[in-house]
Amino acid sequence: MQASMAAALAAIRLDDVDGRSIELGWLWRDAPAVIAFLRHYG
Amino acid sequence: MRDHYDEFVAAGARVAAIGLGDRAYAQAFREQTGMQFPLLIDAQRVAYRAAQLRMASPLHLLYRANFRARQRARAAGHSQHRLGQHPLQLGGSFVFGPGDVDRFIHVSETFGDNATPATLLAAVRGGGDAVRA
(Lines give C-alpha, C1' and ligand atoms only; values in the text may rest on other atoms or scores of the structure.)
Protein backbone atom coordinates (compact mmCIF):
# COMPACT_ATOMS: atom_id res chain seq x y z
CA MET A 1 0.00 0.00 0.00
CA GLN A 2 1.39 3.39 -0.98
CA ALA A 3 1.97 5.80 1.90
CA SER A 4 0.28 9.16 1.67
CA MET A 5 2.13 12.21 0.43
CA ALA A 6 1.44 13.74 3.84
CA ALA A 7 3.29 10.86 5.48
CA ALA A 8 6.19 11.21 3.04
CA LEU A 9 6.61 14.86 4.01
CA ALA A 10 5.73 14.72 7.70
CA ALA A 11 9.18 14.07 9.16
CA ILE A 12 10.97 16.75 7.15
CA ARG A 13 12.15 19.71 9.21
CA LEU A 14 12.58 23.14 7.66
CA ASP A 15 13.46 26.50 9.17
CA ASP A 16 11.09 29.42 8.88
CA VAL A 17 12.32 32.90 8.07
CA ASP A 18 12.86 33.61 11.77
CA GLY A 19 15.07 30.54 12.20
CA ARG A 20 12.53 28.33 13.95
CA SER A 21 12.72 24.69 12.94
CA ILE A 22 9.31 23.28 12.04
CA GLU A 23 8.50 19.64 11.41
CA LEU A 24 6.11 19.66 8.48
CA GLY A 25 3.82 17.03 9.97
CA TRP A 26 3.09 19.35 12.89
CA LEU A 27 1.25 21.63 10.47
CA TRP A 28 -1.44 19.04 9.75
CA ARG A 29 -1.28 16.87 12.87
CA ASP A 30 -4.57 18.05 14.34
CA ALA A 31 -6.10 20.28 11.67
CA PRO A 32 -6.17 20.49 7.90
CA ALA A 33 -3.30 22.42 6.37
CA VAL A 34 -2.87 24.13 3.04
CA ILE A 35 0.73 23.86 1.91
CA ALA A 36 1.97 25.82 -1.09
CA PHE A 37 5.33 25.10 -2.66
CA LEU A 38 6.41 28.29 -4.35
CA ARG A 39 8.09 28.34 -7.71
CA HIS A 40 9.85 31.51 -6.73
CA TYR A 41 9.37 34.30 -4.22
CA GLY A 42 6.83 36.40 -6.02
CA MET B 1 -3.13 32.34 -1.70
CA ARG B 2 -2.11 35.06 0.69
CA ASP B 3 -5.15 37.08 -0.38
CA HIS B 4 -7.39 34.26 0.88
CA TYR B 5 -5.58 33.55 4.15
CA ASP B 6 -8.51 34.66 6.33
CA GLU B 7 -10.86 32.28 4.52
CA PHE B 8 -8.58 29.31 5.08
CA VAL B 9 -8.23 30.15 8.76
CA ALA B 10 -11.98 30.62 9.12
CA ALA B 11 -12.42 27.14 7.62
CA GLY B 12 -10.15 25.73 10.32
CA ALA B 13 -6.97 25.27 8.29
CA ARG B 14 -3.37 26.17 8.89
CA VAL B 15 -1.52 27.69 5.97
CA ALA B 16 2.18 27.54 5.18
CA ALA B 17 4.35 28.22 2.18
CA ILE B 18 7.63 26.59 1.30
CA GLY B 19 10.19 28.34 -0.84
CA LEU B 20 13.71 27.98 -2.15
CA GLY B 21 16.60 30.31 -1.56
CA ASP B 22 18.23 31.67 1.56
CA ARG B 23 16.75 33.30 4.65
CA ALA B 24 17.52 36.89 3.66
CA TYR B 25 15.76 36.31 0.37
CA ALA B 26 12.73 34.80 2.12
CA GLN B 27 12.61 37.55 4.76
CA ALA B 28 12.60 40.22 2.08
CA PHE B 29 9.77 38.45 0.30
CA ARG B 30 7.73 38.19 3.51
CA GLU B 31 8.22 41.87 4.25
CA GLN B 32 7.29 42.90 0.73
CA THR B 33 4.14 40.81 0.66
CA GLY B 34 2.93 41.12 4.25
CA MET B 35 2.49 37.34 4.35
CA GLN B 36 0.76 36.29 7.58
CA PHE B 37 1.56 32.59 7.57
CA PRO B 38 4.82 30.66 8.02
CA LEU B 39 7.27 30.78 5.16
CA LEU B 40 9.60 27.81 5.34
CA ILE B 41 12.92 27.65 3.56
CA ASP B 42 13.92 24.55 1.64
CA ALA B 43 17.24 25.59 0.16
CA GLN B 44 18.29 21.97 -0.41
CA ARG B 45 14.98 21.07 -2.12
CA VAL B 46 14.43 18.18 0.30
CA ALA B 47 10.69 18.72 0.57
CA TYR B 48 10.35 19.62 -3.11
CA ARG B 49 11.88 16.28 -4.05
CA ALA B 50 9.83 14.35 -1.49
CA ALA B 51 6.68 15.98 -2.89
CA GLN B 52 7.73 14.85 -6.38
CA LEU B 53 7.50 18.36 -7.75
CA ARG B 54 8.72 18.83 -11.28
CA MET B 55 11.30 20.88 -13.07
CA ALA B 56 10.18 22.77 -16.14
CA SER B 57 11.86 22.65 -19.49
CA PRO B 58 13.21 26.01 -20.71
CA LEU B 59 10.80 25.51 -23.60
CA HIS B 60 7.93 26.05 -21.16
CA LEU B 61 8.89 29.72 -21.07
CA LEU B 62 7.68 29.96 -24.65
CA TYR B 63 4.28 28.41 -24.00
CA ARG B 64 1.30 30.62 -24.53
CA ALA B 65 -0.07 29.45 -21.17
CA ASN B 66 3.00 30.89 -19.46
CA PHE B 67 2.47 34.23 -21.15
CA ARG B 68 -1.19 34.25 -20.08
CA ALA B 69 -0.27 33.30 -16.51
CA ARG B 70 2.14 36.24 -16.30
CA GLN B 71 -0.58 38.54 -17.60
CA ARG B 72 -3.02 37.24 -14.98
CA ALA B 73 -0.49 37.71 -12.20
CA ARG B 74 0.30 41.25 -13.24
CA ALA B 75 -3.40 42.10 -13.51
CA ALA B 76 -3.89 40.78 -9.97
CA GLY B 77 -1.14 43.09 -8.73
CA HIS B 78 1.55 40.46 -8.25
CA SER B 79 5.06 41.05 -9.39
CA GLN B 80 7.78 38.49 -9.86
CA HIS B 81 10.69 38.75 -7.47
CA ARG B 82 14.10 37.15 -7.81
CA LEU B 83 14.05 33.70 -9.35
CA GLY B 84 16.87 32.28 -7.24
CA GLN B 85 19.00 29.22 -7.81
CA HIS B 86 16.39 26.95 -9.36
CA PRO B 87 14.44 29.02 -11.92
CA LEU B 88 12.96 25.93 -13.55
CA GLN B 89 11.60 24.46 -10.32
CA LEU B 90 7.82 24.15 -10.50
CA GLY B 91 5.53 24.41 -7.52
CA GLY B 92 2.51 22.62 -6.19
CA SER B 93 -0.18 22.87 -3.59
CA PHE B 94 -1.52 20.36 -1.13
CA VAL B 95 -4.21 20.03 1.48
CA PHE B 96 -3.36 17.51 4.19
CA GLY B 97 -4.84 16.35 7.45
CA PRO B 98 -5.80 16.11 10.16
CA GLY B 99 -3.15 13.40 10.42
CA ASP B 100 -1.17 12.09 7.47
CA VAL B 101 -4.15 12.23 5.13
CA ASP B 102 -3.99 13.59 1.57
CA ARG B 103 -7.04 15.71 0.82
CA PHE B 104 -5.84 17.45 -2.31
CA ILE B 105 -2.72 17.30 -4.45
CA HIS B 106 -1.82 19.61 -7.29
CA VAL B 107 1.61 19.26 -8.90
CA SER B 108 2.27 22.04 -11.40
CA GLU B 109 2.84 20.87 -14.96
CA THR B 110 4.24 24.18 -16.14
CA PHE B 111 4.59 27.83 -15.13
CA GLY B 112 1.35 29.39 -13.97
CA ASP B 113 -0.33 26.03 -13.47
CA ASN B 114 -1.65 26.60 -9.96
CA ALA B 115 -4.63 25.33 -8.01
CA THR B 116 -7.13 28.08 -7.38
CA PRO B 117 -7.82 29.29 -3.84
CA ALA B 118 -11.44 28.18 -4.31
CA THR B 119 -10.32 24.63 -5.07
CA LEU B 120 -8.05 24.56 -2.04
CA LEU B 121 -10.79 25.95 0.16
CA ALA B 122 -13.23 23.30 -1.09
CA ALA B 123 -10.69 20.62 -0.18
CA VAL B 124 -10.32 22.07 3.31
CA ARG B 125 -14.08 22.14 3.80
CA GLY B 126 -14.84 18.90 2.06
CA GLY B 127 -12.40 16.43 3.56
CA GLY B 128 -13.12 12.95 2.26
CA ASP B 129 -11.13 11.18 -0.43
CA ALA B 130 -7.91 12.63 -1.80
CA VAL B 131 -8.17 14.43 -5.10
CA ARG B 132 -5.22 14.74 -7.44
CA ALA B 133 -5.54 17.66 -9.80
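In this structure, B:Leu39 does satisfy being surrounded by 17 or more Cβ atoms within 10 Å (Cβ to Cβ) and modelled with pLDDT of 85 or more. Filtered by the rule that a residue be closer than 18 Å to A:Trp28 by Cα, outside any loop (DSSP other than H, G, I, E, B) and more than 15 Å from the chain's Cα centre (by Cα), the range B:1-49 gives B:Asp6, B:Glu7, B:Val9, B:Ala10.
Among the residues of the range B:20-52, those that are in contact (Cβ under 8 Å) with a residue 24 or more places away in the chain and at the interface with chain A (Cβ under 7 Å from one of its Cβ atoms) comprise B:Gly21, B:Tyr25, B:Phe29, B:Leu40, B:Asp42, B:Ala47, B:Tyr48, B:Ala51. Taking the range A:1-34 as the range and being closer than 23 Å to B:Arg30 by Cα and either small (Gly, Ala, Ser) or in contact (Cβ under 8 Å) with a residue 60 or more places away in the chain (or both) as the test, the residues that pass are A:Gly19, A:Ser21, A:Gly25, A:Ala33. Candidates are the residues of the range B:89-111 that are within 9 Å of chain A (Cβ to nearest Cβ), under 26 Å from B:Tyr25 (Cβ atoms) and not in a strand (DSSP E or B); the one that is modelled with the lowest pLDDT is B:Phe111.
The values are calculated or read from the model by the stated rules, or taken from the named source; none is laboratory data. Here the structure is a predicted model, which is why all the values come from computation and not from measurement. Positions of Cβ are generated from backbone atoms using ideal geometry, with glycine treated the same way; all protein chains shown enter the neighbour counts.
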